[in-house]
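Okay, structure first, notes after.
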Amino acid sequence: MPINRLIAYIKGPGQQKAIALAALAALYTFFCIFGSHFASRETLISIFDSSYYTGFMAIGMTLVIISAGIDLSVGTVTVGSALVGGVAYTVWHLPMGVALVVIVLTGTLFGLINGLLIGKLDLPPFIATLGSQFISMGLCSVVARVQTMRYPSISHPDGWFKTVFFKTVSGFPMGALWVLLFFVITVILLTYTKLGNYTYAIGDNEEAVRLSGINIANWKVVIYTISGFFSGLAGIIYAATFSSITPQTGGGLEMYAIAACVIGGASLAGGVGSLTGTLIGVLVISVLKNGLMSMWLPVQWQQFFIGLVVLAAVLVDVIRSKKAHNAK
Amino acid sequence: MKRHVTVVALALVGMLALASFSAQAGEKTIIIISKSLQNQFYQAAFVGANAAGKDFGVSVVVNGPDAESNIPQQVEQVQAAINQRPAALVLAACDPTSVQEALARAKENKIPVIGFDSGVPGDTSGAVIGTAATNNVNAGGVVADNLADSPAFQAKVKAATAANPAVIAVLAQDSTSGSIVQRTDGFVYALKKRVEALDSSLVGAVSIGGQDNWSVPSSKPATVKIVVTVPPTTNQADIQSVANAMLLVPNTVAIFAANQDAVNGLISSTADGTELNRQTGRYKDILVVGFDAGSNQKDAVRSGAFFGSVTQDPYQMGYASIKMAAEAADGKPVSDIDTGAKWYNSKNIDNPDIALLLYD
C-alpha cells in the first residue's frame, strides 16, 4: 500500500520535511485569512519572485551544510557577481549574454577559491568563507569603482534576460522553472552520484571517509565550487529582479539561505539535509516576508519571525532526535 | 513540552492577528514608503502623513527599508504594497530605476502614485502623477530674505565702498546636484534683489560671480559682491579648505553654506564653530547661514555661532503627499506641491514645531 508507505515515510525519515510542509501550508492559510489581498495570483507571483535568488543560494548551501561545512560568502558573492556582470555590460560594453556568463564565472571563481582554501589548505569553512565574504564584497566594489551598476529595463532590447530568467511580460514566473530545473539536476547529483555519496559521508564522518582512502580535499573543492556556481546563478536572478546593484551590499543574504536549509531539516553538524526540505524552507521564508508585509508589519518583524521559525525548526528537530534516541 | 509549544504558538498567532486588525481600521488605505524607515527626517514626514490621514479620513500605513542603500528591500516593499491594492501609494524611491517595473504594475492596476521628498525622478512608468517636495529655488530665497532682514547685514552692505566691497560668500558643495544648484540660484538672485532694494545707491552695484554658472556683472563698480565657490571635489577635506579660504577674504559679511556637508566643512574650519562665537570669536562679525540640520549645525545655531539656517519641511512633505494621494484616490486631478522651507535660529530652534523638523 503506497499510503502506508507514505505514512511510514512521514513518521520516519521524512518527518522534518512533512513538518516544514505543514508549516508552509499553515502560514500560507494564515496570511490568506489575516493578510490584506494575500490570496491573489499577484501575491503568489511575488512570493515566487522573492524566492529565486535565495533558492539558488540555498541549493548550493545545502550541499555545503550536508558536508558539515558553511558558506558565509554566498550573499556578497551573489551581489558581487551581479555587480561584475554589470561592469561587463555597461563599462566593457560586452553583449548581455556574455555579461551573464561573466556573472556565473565570477560566482564559480569565488567558490573555487573557497574550495581551495578549505580543501587544500585545511582552513575551517567558517573562517575561510568569512574572509571571502569580505574579499568578494570589497573586490567586486573595486571592479565597479564603487558605482551602482544598472541593468537594462524589460522594455530595452537587452532586457531579454529578464523575460528568460525572471518573469515574462505577461507575468509568467520563468525563474521558478530555472530553480526547478537546477533543483532536479542537483537532486540527481546528490542521490545517484559519487559526489552525493561522498558529500553525505564527509558530513557524517570525515575521518572514516579519509581512512577509506578517498581524496576529501578534491571533493571539498568540488562542493564549494558548486556553491559558488549557484551564487552566480543567484546573481543573474538578483540582477533581473532588482536592476540596480549597489556596491558593498549583499552581506546578510547568506543568512536567509542558511535559515532555509535549517528550516528544511539540514543539520549544521553535517550528514543530514535534503534539497526538497531546503526548497520548502525557501518558500516558508518568502511566504513570511510577503505575508508580514501584507499585514503592514515593517521589516523588523520579518526578521523577528524568520528567527522564530528557524528556532522552531531546530527545536522540532531536537525533540524528534531525542525521541528517536529514547526509542532505541 | 508539547503543551508549551502549543501555547507559545497560539500566543504568537494572536499577536499577529491583533496587529493586523489594529492596522486595518479605516476604509481607504494609503501606503507611504520612504527611503529609510528609521531616519529622523522621514519620521517627521510620517508624523505629517498620519496627521493628514486623520484629517482626510484615510488610513495611512508607513514603511521603508532599513537603510537608503537597501534598494532590494524597498523594491520588495513596493511590490508587496501594490499587491495589496491600496487606494494610492506615496513613495520616495531609493533608486528610481529599480522600482520602474513595479510602478508599471501600479499604473496597470490604476493605483495612483505620489512622490514625496526626492520622489521618483525620471519616472517612465507614468504611474507617478505628482510630487510633494521642497522647491529649492524658493528655499534659497528664504535664506536670502532672512539674511537681508538683519540690521547688522544691512548696515555693513550700505557702508561698503567700491574700494572695499562687502563680500557674501556661497559655499556650494557641487555644481551638478540639482537641489544644491537650485538652492544657490534661489539664494544669489533673491539676495541681489533684496540688497538693491535697500538703498538707491546700491542699484546696479551688486555683482554675482565666482563660477561660470553664476555670473552677473554689476552695471557700475561693485560695492557688494556675491561670490559662489565650488570645491574641486565633494571630499570633506576639500570643502574645508575652501571654507578656510572664504573666511580669510577681507570684508566678508556673510557666508551661506548650501547643504549639510558644506555646513560641516565650515564648522570644522572654525575650530568647531568656536571662532564664530559672537563675543570672542575670531570671525565674530561674519554672519553664517546654513541649510538642512544635523547635530553640529543645530549646536552652531543654538549657540548663536550661526545666524540661522533653513530646513526643509518633512512634516509638510508627509502631510501634503497624503492629501494629494487621498485626492487622487477620489479621482481628482493633482499637481505638484512645494512643501516649503522654514527659517530657524537660536530663538526658535527649540520650539516644538521647529524641533520636529530638525534631524541630528
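The values are calculated or read from the model by the stated rules, or taken from the named source; none is laboratory data. Given the structure is predicted, the values throughout are model-derived calculations rather than measurements. Cβ sites come from the backbone with ideal geometry, for glycine too, and all protein chains shown count toward neighbours. Calculation scope for accessible area: heavy atoms of the full protein, side chains included, ligands and nucleic acids excluded. Shrake-Rupley method; radii C 1.70, N 1.55, O 1.52, S 1.80 Å.
Here is how the numbers come out for the structure above:
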{"read-out": "Size of segment A:18-317 as Cα extents on the principal axes (Å, biggest first)", "value": "56, 49, 33"}
{"read-out": "Potential extension, residue B:66-residue B:212 segment - 0.36 nm per residue separation minus Cα distance", "value": "48.5 nm"}
{"read-out": "Beta bridge orientation in the protein assembly as shown: antiparallel %, DSSP, nearest 5", "value": "15"}
{"read-out": "Heavy-atom accessible area ranking, 1.4 Å probe, most first, across B:108, B:68", "value": "B:108, B:68"}
{"read-out": "Estimated FRET transfer efficiency (residue A:92, residue A:156; beta-carbon r; R0 30 Å; 0.05)", "value": "0.95"}
{"read-out": "Built amide H within the under 5 Å cut-off of residue B:130, gap 5+", "value": "B:115"}
{"read-out": "Degrees separating the helix B:40-56 axis from the principal Cα axis of chain B, which is the longest one", "value": "60"}
{"read-out": "Cα centre as origin, Lys/Arg/Asp/Glu Cβ charges: chain A dipole, Debye", "value": "520"}
{"read-out": "Buried solvent-accessible surface, both chains (B, A), 1.4 Å probe, Å² to nearest 100", "value": "3200"}
{"read-out": "Antiparallel DSSP beta bridges within chain B, percent to nearest 5", "value": "15"}
{"read-out": "Charge tally in the Cβ shell below 12 Å around residue B:97, where Lys, Arg are +1 and Asp, Glu are -1, residue B:97 excluded", "value": "-2"}
{"read-out": "Selection from A:304, A:6, A:261 lying farthest towards where the dipole of chain A points positive, charges on Cβ", "value": "A:6"}
{"read-out": "Simple label model, 7 Å out from Cα along Cβ direction - residue B:197 to residue B:272, nm", "value": "4.1"}
{"read-out": "Potential extension, residue A:26-residue A:194 segment - 0.36 nm per residue separation minus Cα distance", "value": "56.8 nm"}
{"read-out": "Euclidean distance between Cα centres, segment A:126-148 to segment A:233-305, Å", "value": "20"}
{"read-out": "Alpha-carbon Rg/Rh ratio, for the protein assembly as shown, with Rh computed the Kirkwood way", "value": "1.06"}
{"read-out": "Average partner coverage of A:295-306, which counts Cβ from other chains inside 10 Å", "value": "5"}
{"read-out": "Chain B: angle of helix B:71-83 to the longest principal axis, Cα-based, in degrees nearest 10", "value": "50"}
{"read-out": "Protein-only accessible surface order, largest first, of A:261, B:94 at 1.4 Å", "value": "B:94, A:261"}
{"read-out": "Of B:341, B:40, A:169, farthest towards positive along the dipole that unit charges on Lys, Arg, Asp, Glu beta carbons give the protein assembly as shown", "value": "A:169"}
{"read-out": "Dipole-positive endmost among A:134, A:117, B:235 within the protein assembly as shown (Cβ charges, Cα centre)", "value": "A:117"}
{"read-out": "Backbone HN-Hα couplings from phi across segment B:266-278 [Karplus 6.51/-1.76/1.60, Hz, Gly and Pro as x]", "value": "5, 5, 5, 7, 10, 6, 6, x, 5, 6, 9, 3, 5"}
{"read-out": "Cross-link partners of residue B:107 among aspartates and glutamates (Cα-Cα below 19 Å; sequence separation of 8 or more within a chain)", "value": "A:42, B:76, B:95, B:123, B:327, B:330, B:336"}
{"read-out": "Separation of the residue A:33 and residue B:285 label points, Cα + 7 Å toward Cβ, nm", "value": "7.8"}
{"read-out": "Simple Cβ-charge dipole of the protein assembly as shown, Lys/Arg +1 and Asp/Glu -1, about Cα centre, in debye nearest 20", "value": "1520"}
{"read-out": "Antiparallel bridges, percent of DSSP beta bridges restricted to segment B:136-312 (to nearest 5)", "value": "10"}
{"read-out": "Computed lengthening from residue A:255 to residue A:206, 0.36 nm per intervening residue step minus Cα-Cα distance", "value": "15.1 nm"}
{"read-out": "Dipole in debye (nearest 20) - chain B, about Cα centre, beta carbon charges: Lys, Arg +1; Asp, Glu -1", "value": "460"}
{"read-out": "Axial C-alpha extent at least 18 Å, average Kyte-Doolittle at least 0.5 - helices from chain A (DSSP)", "value": "A:15-34, A:52-66, A:74-90, A:96-115, A:125-143, A:174-192, A:216-242, A:275-294, A:299-327"}
{"read-out": "Whole-percent carbon and sulfur share, accessible surface of segment A:18-317, 1.4 Å", "value": "73"}
{"read-out": "Efficiency of FRET from Cβ geometry, residue B:124 and residue B:330, R₀ 35 Å, rounded to 0.05", "value": "0.85"}
